[in-house]
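Down below is the structure, laid out as structure tokens.
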Amino acid sequence: MFRKVLIANRGEIAVRVMRTLREMGIAAVAVYSDADRTSLHVRMADEAEHIGPSPSSDSYLRIDRILDAARKHGADAIHPGYGFLSENADFAAACEDAALVFIGPSAAAIRAMGSKTAARQVAIAGGAPVVPGTDHPVTLAEAAGFARENGYPILLKAVAGGGGKGMRRVDSEPGLESAFRDAASEAERSFRNSEIYVEKLIERPRHIEIQLLGDRHGNMVHLGERECSIQRRHQKVMEECPSPLVALHPEMRHAMGEAAIRAARAAGYYNAGTVEFLVDGERRFYFLEMNTRLQVEHPVTELVTGLDLVKLQVEIAAGERLPFSQEQVTWRGSAIECRIYAEDPYNDFLPFPGKLTRLTRPLGPGIRLDGCVYDGWTVPMEYDPLLAKLAVWAANREDATERMIRALREYDVGGIRTNLGFFRQILEDVEFRAARLHTGFIEEFFQRHHAPRPPADLAAVAALAAALHTMAGAGQPGVPAAANGSAWLAAGRKGLLR
Ligand code: MV4
């Protein structure tokens, strides 16, 4: 087993990885930029190395500086976390060249899954269902040909894809040319690769993903699914395990798990990984892409399976065999995670970094908090303003929902704006309660909650105001307002008289 591991990351995930390393008796080396001098991951580490100025391109994305730090501190392996260099095939290869173990899949597997068309080819080779589409980059004429054969709407996607960049919906032939140009130029700007491919558009899909774990001896298991349909601008906001849809149709877990394993096997995959699927209204599922890293939302899988994914990642990277078989994986209860951000949900979710002047954390039964903040810390504006991931476990979805509402009530953050209140509204929402989830959920949620009130309501409010006004004028002098009716009416009357 490794003696010392360098964590090439920051924030809550660096802290999360460090906690497991400590439990395994492995020393942790942190790296940090100027902006992170006072950050929790640096304070918690056994050793720490400064790797550059605040911009991540000068620090957390500098392969040379991270490898220098690992050599200087005598680390045996590097955990990349998520984001930054975690899905950079060159980084994985450079680690191996420097005789450092990259705690993740092979550089070849990362590369194969990084190209969305190559990933489709791998999935097809493995026999996993994919959305009808092209398995290679296309010209405008080829895109038009595909649409004529398969019908509109279609979705143009960037080959180098991710995060919805370079993606355009096209509903009919006249819109195709300009959409193609827009998609290609956005892809060029985002990825320096303008290649586009085409898929048939799936309307209002759910996003359900399968967690995989494979060792370097050819064993692979799935750890079930996560429902990640509640997201905004391609950023997940809330995740659940199990998916409420799969909970109703348990055969889906086995079918999707098997499909995910086949796709990953075709790529020669090992370590932790996630296969994303789109699920349509008829519960058909389609391979979308594979994430070759530990995911932000891994805690909900850990809560329901009782496993430590980081520990398993480290053991697999050290050459150990998976310590259990597929039949030994069990799922118990229900977990929900909310991503707590320093942002203003009522001002277009604008980041709201700043100094934390007050902090009370939720505690008690079934609560897990993966955070990186402490009272008095200033949330840096250079990075993603994720403060913490609040996850709860309970026996079923209803209880987990109530527990999350309770935890959010206990959570108090002062000095900055957060999305805590926004989550409470979602958790109370009838559509959420009924688990009618899809990738357009938040957009529709806002439409439902911010829609102008129907005229009937307006008329009712006007009538009530008029009635209260009349009552206020006709009220007997000297008689307490509450004696004329409810305290509620009294309050309304006071308001009108003020
Ligand atoms: C789709 C799709 C519908 N049909 N592909 C969005 C990000 C990128 N990774 C793929 N995405 C989608 N691909 C077809 N053929 C809808 C989406 C999509 C989406 C997918 C997962 C999670 C959230 C999403 C939000 C909007 C659109």
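The residue list Asn150, Ala128, Leu176 was ranked by how far each Cα lies along the charge dipole of segment 128-179 toward its positive end, using unit charges on Cβ atoms, and Ala128 comes out on top. Against the chain, whose longest principal axis is taken from its Cα atoms, helix 251-266 shows a tilt of about 40°. As a ratio to 2.2 N^0.38 Å, the alpha-carbon radius of gyration computed for segment 4-103 takes the value 0.94.
In order along segment 88-96, the Karplus-derived 3J(HN,Hα) couplings, from 6.51 cos²θ - 1.76 cosθ + 1.60 at θ = phi - 60°, round to 9, 4, 5, 5, 4, 5, 5, 4, 4 Hz, and Gly and Pro are given as x. Taking the dipole about the Cα centre of the chain, with the C-beta of Lys and Arg at +1 and of Asp and Glu at -1, give me whichever of Phe441, Gly162, Trp393 is farthest to the positive side. The one lying farthest along the dipole's positive direction is Trp393. Solvent-accessible area of the chain (1.4 angstrom probe, protein heavy atoms only): carbon and sulfur portion equals 52 percent.
The charge dipole of segment 1-79, taken about the Cα centre with unit charges on the Cβ atoms of Lys, Arg (+1) and Asp, Glu (-1), comes to about 160 debye, rounded to the nearest 20. Peptides 403-409, 256-262 ranked from most to least packed, by the mean per-residue count of other Cβ atoms within 10 Å: 256-262, 403-409. Counting only aspartates and glutamates at least 8 places from Lys116 when in the same chain, those with an alpha carbon closer than 14 Å to its own are Glu87, Asp135, Glu195, Glu199, Glu276, Glu289. Average accessible surface for the chain: 43 Å² per residue, computed with a 1.4 Å probe over protein heavy atoms with every protein chain in place. Shape class of segment 132-200 from the alpha-carbon gyration tensor: prolate, with a/c at 1.5 or above and a/b greater than b/c. Summing +1 for each Lys or Arg and -1 for each Asp or Glu among the other residues whose beta-carbon sits under 15 angstrom from that of Ile261 gives -3.
Sorting the segments 166-176, 220-230 by their residues' average number of neighbouring beta-carbon atoms within 10 angstrom, most packed first, yields 220-230, 166-176. When we measure straight from the Cα of Lys72, which aspartates and glutamates land under 13 angstrom away, once same-chain ones fewer than 8 places off are left out? Leaving aside aspartates and glutamates fewer than 8 places away in the same chain, those within reach of Lys72 are Glu47, Glu49, Asp64. Taking every DSSP bridge with both residues inside the chain, close to 80 percent are antiparallel. Rg and Dmax, both from the Cα atoms of segment 138-249 and both in Å, are 17.3, 52. Derived scalar couplings between HN and Hα for segment 184-196 equal 5, 6, 5, 5, 4, 5, 7, 10, 6, 8, 8, 5, 10 Hz in order, rounded to whole Hz, by the Karplus curve 6.51 cos²θ - 1.76 cosθ + 1.60 (θ = phi - 60°), x for Gly and Pro.
Between Arg169 and Tyr346, the simple spin-label model (points 7 angstrom out along Cα→Cβ) gives 2.9 nm.
Among residues other than Val131 with Cβ under 13 Å from its Cβ, the summed charge is -1 (Lys and Arg +1, Asp and Glu -1). Beyond 27 Å in Cα-Cα separation lie the following of the pairs Lys157/Lys389; Lys165/Lys389; Lys311/Lys355: Lys157/Lys389; Lys311/Lys355.
With R₀ set to 45 Å, the beta-carbon distance separating Tyr374 from Arg216 gives a calculated FRET efficiency near 0.75. In terms of the mean number of neighbouring beta-carbon atoms within 10 Å, the peptides 345-357, 119-131 order highest first as 119-131, 345-357. For segment 9-92, trypsin sites (Lys or Arg not before Pro) are listed when DSSP marks them as loop and at most 13 other Cβ atoms sit within 10 Å of their Cβ; the list is Arg37.
A straight line joining the Cα centroids of segment 81-115 and segment 295-370 runs 23 Å. Taking a sphere under 10 Å around the Cβ of Ala317 and counting the other residues whose Cβ falls inside, with K and R at +1 and D and E at -1, yields a net charge of -3. Using θ = phi - 60° in the Karplus curve 6.51 cos²θ - 1.76 cosθ + 1.60, the 3J(HN,Hα) couplings for segment 374-381 round to 9, 4, x, 6, 9, 5, x, 8 Hz; x is entered for Gly and Pro.
The calculated P(r) of the chain, using every Cα pair and 10 Å bins from 0, goes 4, 17, 26, 26, 15, 6, 4, 2, 0 in percent.
Please get the size of the charge dipole for the chain, origin at its Cα centre, with Cβ charges of +1 on Lys and Arg and -1 on Asp and Glu, quoted in debye to the nearest 20. Let's see the in-between values first.
On the way: 59 positive and 64 negative charges, 229 e Å.
That gives the chain a dipole magnitude of about 1100 debye.
The values are calculated or read from the model by the stated rules, or taken from the named source; none is laboratory data. Fair warning: this is a prediction, and the values are worked out from it, not measured in the lab. When we count neighbours, we look across all protein chains shown, and the Cβ atoms used for this are built from the backbone with ideal geometry, even at glycine. We work out accessible area using only protein heavy atoms, side chains counted, and drop any ligands, DNA or RNA first. Shrake-Rupley method; radii C 1.70, N 1.55, O 1.52, S 1.80 Å.
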